[in-house]
Amino acid sequence: MAYKVKFVEPGKLYRMIKGELDAAYFEVMNNGDLVDRGHLKQFEENLAAYVGTKYAVGLNSGYDALHMSLRAAGIRPGDEVIVPAHTFVATCSAVVNVGATPVLVDVGKDFNIDFGKVEELLEVRSQKSEIRIKAIIPVHLSGYMADMPRIMKIAEKYNLVVIEDACQSLGSSIYGKGAGSWGLTGCWSFYPFKILGGYGDGGAITTNDPDVALFARRMRYNGEDRDTGEYHGHGFTCLLDNLQAAFLDVKLRYLPEWIKRRKAIAERYRKALSDLPDLLLPHYDREGFDHVYQNYTVRSRQGDEFSEYLKANGVEVLTQFRKPYYRHEALKLEDRGFPETEALSREVCSLPMNVEIDDEEIEYVISVVRKFYRK
Ligand SMILES: Cc1ncc(COP(=O)(O)O)c(C=O)c1O
């Protein structure tokens, strides 16, 4: 159906900064700079500076960033890795694809991993002296970070590697320390609809560890050291394209301004909708925690009835995920019972949240939500 307000409008965003994107395109094309060239290097430097790490390594996708991080950390068959029960499936698939076993843990009211439950799990395992858990992947969902001060303490106590799945939270921070700068690596996705989206798949890791950066640089290029031609292991083909890097570098310059706009939209939603008792809004007001609103995900007690009403009235919304990933039979994952994930899966609904949306469209979304609750 033709939506009156779309979830995102990449064409509109392109037209907003067309001059700079077109200039980047023509420069790359005219020079024939396609693979591992200056734009990639430049973007990596700018990304690392923005996140607050020494290094950034451009990869093919967020999945590759997770996969490469696990390999760099030496995670292998027999190891276990803690992942949230509510996340995009790639967080878990990366663990399975290095031969390790994911251990799922429920999330809290902010959609992020419940650290109380992580501690409980580790406590029980250590009493039975069966700690095979080697790493934890906290996911910073929707633009709001998991409680990293707490997870770093737990990780230290149990000697766990921390890999941050920051794919949804570029620009977010806790007390000014950026997402993706806490763990061994931060993993980034530049999937087109991310807060920093390319024009195809893309990703990166950020890290302060020179060995991890070097490992990823080699492994993304089939294990090859580009200066000497020496292969340092059986690697992969997962290098971020120079052309994508050129586009991403243009967009990265706008990110601080775009995040302000996202926060202003979130504030508008909050003012207009916070009196509705059946609607839970994603505002946590926790001191020092900065929300950048990659997504504006509300919880509606009316679940599908609410999201279907919005769609039928011309508002495109996302309901990720009605069916939790561990319930997909082919993935063969253990469902140890995740009540919060089960509850929120029935209720989640992400409202349009992007920088290309105009004020009239936001007012329209608000009017449809209010109309639903007046029924
Ligand atoms: C939380 C999370 N993890 C991992 C990924 C995987 O990123 P990609 O799609 O670039 O592989 C995504 C994005 O799709 C994501 O949102």
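The values are calculated or read from the model by the stated rules, or taken from the named source; none is laboratory data. Because the structure is a prediction, the values reported are computed rather than measured. Using ideal geometry, Cβ is built from the backbone for each residue, glycine included, and neighbour counts are taken over all protein chains shown.
Checking the condition touching a residue at least 12 places away in the same chain (Cβ under 8 Å) and either of a type outside the set (Ser, Thr, Tyr) or more than 18 Å from Met148 (Cβ to Cβ) (or both), which residue from Glu123, Glu119 passes? Even if it seems obvious, please write down each step before you answer.
Working: Glu123 fails: touching a residue at least 12 places away in the same chain (Cβ under 8 Å).
Among Glu123, Glu119, only Glu119 is touching a residue at least 12 places away in the same chain (Cβ under 8 Å) and either of a type outside the set (Ser, Thr, Tyr) or more than 18 Å from Met148 (Cβ to Cβ) (or both).
Condition first: farther than 24 Å from Phe88 by Cβ, over 20 Å from the mean Cα position of the chain (by Cα) and away from the ligand (no atom under 11 Å from the Cβ). Can you find one or more residues in region 132-155 that meet it? Steps first, please.
Step one: filter region 132-155 for residues farther than 24 Å from Phe88 by Cβ, giving 132, 149, 153.
Keeping just the survivors that are over 20 Å from the mean Cα position of the chain (by Cα) gives 132, 153.
Remaining after also requiring away from the ligand (no atom under 11 Å from the Cβ): 132, 153.
Looking for residues that are farther than 24 Å from Phe88 by Cβ, over 20 Å from the mean Cα position of the chain (by Cα) and away from the ligand (no atom under 11 Å from the Cβ), one finds at least one in region 132-155, hence yes.
In region 160-171, what residues are part of a loop (DSSP other than H, G, I, E, B) and within 17 Å of Pro102 (Cα to Cα)?
Correct list: Leu160 only.
So how many residues does region 161-203 have that are over 16 Å from Met68 (Cα atoms), more than 16 Å from the ligand (Cβ to nearest atom) and out of contact with any helix residue (DSSP H, G or I) (no Cβ under 7 Å at 6 or more places or on another chain)?
Looking only at that region, the number is 4.
Condition (residue is crowded, with 20+ Cβ neighbours inside 10 Å and under 18 Å from the mean Cα position of the chain (by Cα)) applied to region 259-278: is it met by at least one residue?
Within region 259-278, one or more residues are crowded, with 20+ Cβ neighbours inside 10 Å and under 18 Å from the mean Cα position of the chain (by Cα).
Per-residue answers, yes or no, for (1) among the polar types (S, T, N, Q); (2) more than 30 Å from Arg268 (Cβ to Cβ); (3) surrounded by fewer than 19 Cβ atoms within 10 Å (Cβ to Cβ); (4) within 21 Å of the chain's Cα centre (by Cα):
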site	(1), (2), (3), (4)
Asp335	no, yes, yes, no
Thr341	yes, no, no, yes
Glu347	no, no, no, yes
Met353	no, no, no, yes
Asp359	no, no, yes, no
Tyr364	no, no, yes, no
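If you go through region 97-112 one residue at a time, do you hit one that is within 16 Å of the ligand (Cβ to nearest atom) and within 30 Å of Leu243 (Cα to Cα)?
The answer is yes; a qualifying residue exists.
Being without any contact (Cβ under 8 Å) to a residue 24 or more places away in the chain and either in contact with a strand residue (DSSP E or B) (Cβ under 8 Å, 6 or more places away or on another chain) or assigned to a loop (DSSP other than H, G, I, E, B) (or both), is that true of even one residue in region 301-317?
no
Which of the residues belonging to region 91-110 are part of a loop (DSSP other than H, G, I, E, B) and out of contact with any strand residue (DSSP E or B) (no Cβ under 7 Å at 6 or more places or on another chain)?
At the first step, the residues of region 91-110 found to be part of a loop (DSSP other than H, G, I, E, B) are 98-100, 106, 108-110.
Within region 91-110, Val98, Gly99, Asp106, Gly108, Lys109, Asp110 qualify.
Out of all the residues in region 231-250, is one or more crowded, with 22+ Cβ neighbours inside 10 Å, at pLDDT 95 or above, under 17 Å from the mean Cα position of the chain (by Cα) and away from the ligand (no atom under 15 Å from the Cβ)?
no
Would you tally the residues in region 187-206 being over 12 Å from Leu59 (Cβ atoms) and of a type outside the set (Gly, Ala, Ser)?
Within region 187-206, residues that are over 12 Å from Leu59 (Cβ atoms) and of a type outside the set (Gly, Ala, Ser) number 7.
So Ala94 clears everything in (1) within 10 Å of the ligand (Cβ to nearest atom); (2) within 17 Å of Thr207 (Cα to Cα) except one condition, right? Which one?
Failed condition: (2).
Quick check, is Ser350 of a type in the set (Gly, Ala, Ser) and touching a Leu at 6+ places or on another chain (Cβ under 6 Å)? It would help to see each step written out before you state the result.
Numbers: of a type in the set (Gly, Ala, Ser): yes; touching a Leu at 6+ places or on another chain (Cβ under 6 Å): yes.
The answer is yes for Ser350.
Hey, among the residues in region 42-66 that are within 16 Å of the ligand (Cβ to nearest atom) and either in a loop (DSSP other than H, G, I, E, B) or without any contact (Cβ under 8 Å) to a residue 60 or more places away in the chain (or both), which one's farthest from Asp290 (Cα to Cα)?
Asn60
Among what's in region 189-242 and is part of a loop (DSSP other than H, G, I, E, B) and small (Gly, Ala, Ser), pick the residue that is farthest from Gln42 (Cα to Cα). Spell out how you get there, then give the answer.
Taking region 189-242 and keeping what is part of a loop (DSSP other than H, G, I, E, B), we get 190-202, 208-209, 220, 222-223, 225-230, 232-236, 238, 240-241.
This time we only want the ones that are small (Gly, Ala, Ser), so: 197-198, 200, 202, 223, 229, 233, 235.
Details: Gly197: 17, Gly198: 16, Gly200: 19, Gly202: 15, Gly223: 22, Gly229: 23, Gly233: 26, Gly235: 24 Å.
Among residues in region 189-242 that are part of a loop (DSSP other than H, G, I, E, B) and small (Gly, Ala, Ser), the one farthest from Gln42 (Cα to Cα) is Gly233.
For region 67-78, give me each residue that is crowded, with 21+ Cβ neighbours inside 10 Å and away from the ligand (no atom under 16 Å from the Cβ).
Residues satisfying the conditions are Ala72, Ala73, Ile75.
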